[in-house]
Every structure is written in C-alpha cells, then in structure tokens.
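Student: The structure's right below; bear with me while I get my questions together.
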Amino acid sequence: MTDRELIEMAIAASENAYAPYSNYKVGAAVECGSGEVYKGCNVENAAFGGTICAERNAYTTAVANGERKFNRIAVYANGEDYCVPCGQCRQFMAEFGLDTLVLCVRGDGEYEAHPLREMLPFAFSKEYL
Ligand code: THU
C-alpha cells in the first residue's frame, strides 16, 4: 500500500468521526505487520475525558484483531496545519514500538512523515519496569 492509499483511508475514517463538541474530525489508518489496515476516528463524550482519539481507536481495533506490529499510521484532519498525534496517543503507540512511521496529513492532503521515535524522545517504556 502506498502512503497515498493509506492517507485516503484515514480521510474516509474521518467522515465517521463523532466530534459534536470540538467539531475537529480526525481519521486514522494504521498498516500492521500482517499487511492489514485498520481505521479509527475520534469519538467524543459529554464527559470530555471519555473521548478517544482516532489513533488509539485504530490501534485498539488492530490489537483486538491480533495485531502487535505497526508499520505506518496516517492521521488526518481537515485543517490548515498537519494533524499530529497528541501526547497521550504518542505514548500509547510507543507501547508497540518506536519505529512506526507517522504520516501527519493536513486538509489539502499534503503530509509530513516522522518516525514515532522522533515524535516522542526519551520515551517511557516497559524497559523501565
Ligand atoms: N484528536 C484526535 O483524535 N487525534 C489527534 O491526534 C488530536 C486530537 C481528537 C480528540 C478530540 O476529539 C478532538 O480531536 C479535539 O481535541
């Protein structure tokens, strides 16, 4: 799968976002070790802390389907700036490896690719436990 195809899947996922409070609709598509791709969108809640981000939604869906390796994830929102994962999502994704490539996509479809390792320097991990 090309970067562009993965990005198209993230854009499609953003259309299912449930974001009545922020109106910031995020879509993610993660390509796993098996080659399968899983989509996620943000799902907000009236109790704001219950909100789940698109990235964690995609990852948890993948894990529930038996995946443990994550090659690339595309993250999209229809904004002027590149959509970047929040700190909590960076930490969540780091659990499964820092070599995952994160494609940060903006509304016009342009994107920047960053290894998760660069987005979360000095990551806390199971090695510390
Ligand atoms: N959000 C994501 O889904 N992923 C990100 O990378 C950034 C933030 C969501 C959470 C919330 O529903 C909305 O965007 C505004 O913060």
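The values are calculated or read from the model by the stated rules, or taken from the named source; none is laboratory data. Note that the coordinates shown come from a computational prediction; the quantities given were computed from them, not determined experimentally. Cβ atoms come from the backbone with ideal geometry, glycine included; neighbour counts cover every protein chain shown. Side chains included, ligands, DNA and RNA excluded: accessible areas come from the protein's heavy atoms. Shrake-Rupley method; radii C 1.70, N 1.55, O 1.52, S 1.80 Å.
Student: Which one is nearest to the ligand (Cβ to nearest atom), of the residues in the range 18-53 that are more than 16 Å from residue 106 (Cα to Cα) and aliphatic (A, V, I, L, M)?
Tutor: The extreme case among them is 19.
Student: Okay, next question. In this structure, does residue 81 turn out to be of a type outside the set (A, V, I, L, M), assigned to a loop (DSSP other than H, G, I, E, B), touching a strand residue (DSSP E or B) at 6+ places or on another chain (Cβ under 7 Å) and modelled with pLDDT of 95 or more?
Tutor: no
Student: From the list 68, 72, 90, pick out the single residue that is away from the ligand (no atom under 14 Å from the Cβ), outside any strand (DSSP E or B), under 28 Å from residue 124 (Cα atoms) and among the charged types (D, E, K, R).
Tutor: Selected residue: 68, the only one of 68, 72, 90 that is away from the ligand (no atom under 14 Å from the Cβ), outside any strand (DSSP E or B), under 28 Å from residue 124 (Cα atoms) and among the charged types (D, E, K, R).
Student: Scanning for something at pLDDT 95 or above, among the acidic types (Asp, Glu) and over 22 Å from residue 116 (Cα atoms), does the range 48-57 turn up at least one residue?
Tutor: Checked the range 48-57: no residue is at pLDDT 95 or above, among the acidic types (Asp, Glu) and over 22 Å from residue 116 (Cα atoms).
Student: Another question, then. When only residues in the range 102-129 that are basic (Lys, Arg) and modelled with pLDDT of 95 or more count, which is surrounded by the fewest Cβ atoms within 10 Å (Cβ to Cβ)?
Tutor: Taking the candidates together, the pick is 117.
Student: Between residues in the range 75-95 that are free of Cβ contacts under 8 Å to residues at least 60 places away in the same chain and residues that are open to solvent by 70 Å² or more (accessible area, probe 1.4 Å) and assigned to a helix (DSSP H, G or I), which pairs lie under 9 Å by C-beta distance while being six or more apart or on different chains?
Tutor: Short answer, once both residue conditions are applied: 85/92; 94/117; 95/126.
Student: Is there a residue being at pLDDT 95 or above, basic (Lys, Arg), over 29 Å from residue 127 (Cβ atoms) and assigned to a strand (DSSP E or B) anywhere in the range 30-47?
Tutor: Restricting attention to the range 30-47, the residues satisfying the condition of being at pLDDT 95 or above are 30-47.
Then drop every residue that is not basic (Lys, Arg), which leaves 39.
Going one step further and asking which of them are over 29 Å from residue 127 (Cβ atoms), we end up with 39.
Add one more test, that the residue is assigned to a strand (DSSP E or B), and what stays is 39.
Checked the range 30-47: at least one residue is at pLDDT 95 or above, basic (Lys, Arg), over 29 Å from residue 127 (Cβ atoms) and assigned to a strand (DSSP E or B).
Student: Kindly indicate whether any position in the range 74-82 is in contact with a helix residue (DSSP H, G or I) (Cβ under 9 Å, 6 or more places away or on another chain), of a type in the set (Ser, Thr, Tyr) and under 27 Å from residue 108 (Cα atoms).
Tutor: Scanning the range 74-82, I find at least one residue that is in contact with a helix residue (DSSP H, G or I) (Cβ under 9 Å, 6 or more places away or on another chain), of a type in the set (Ser, Thr, Tyr) and under 27 Å from residue 108 (Cα atoms), so the answer is yes.
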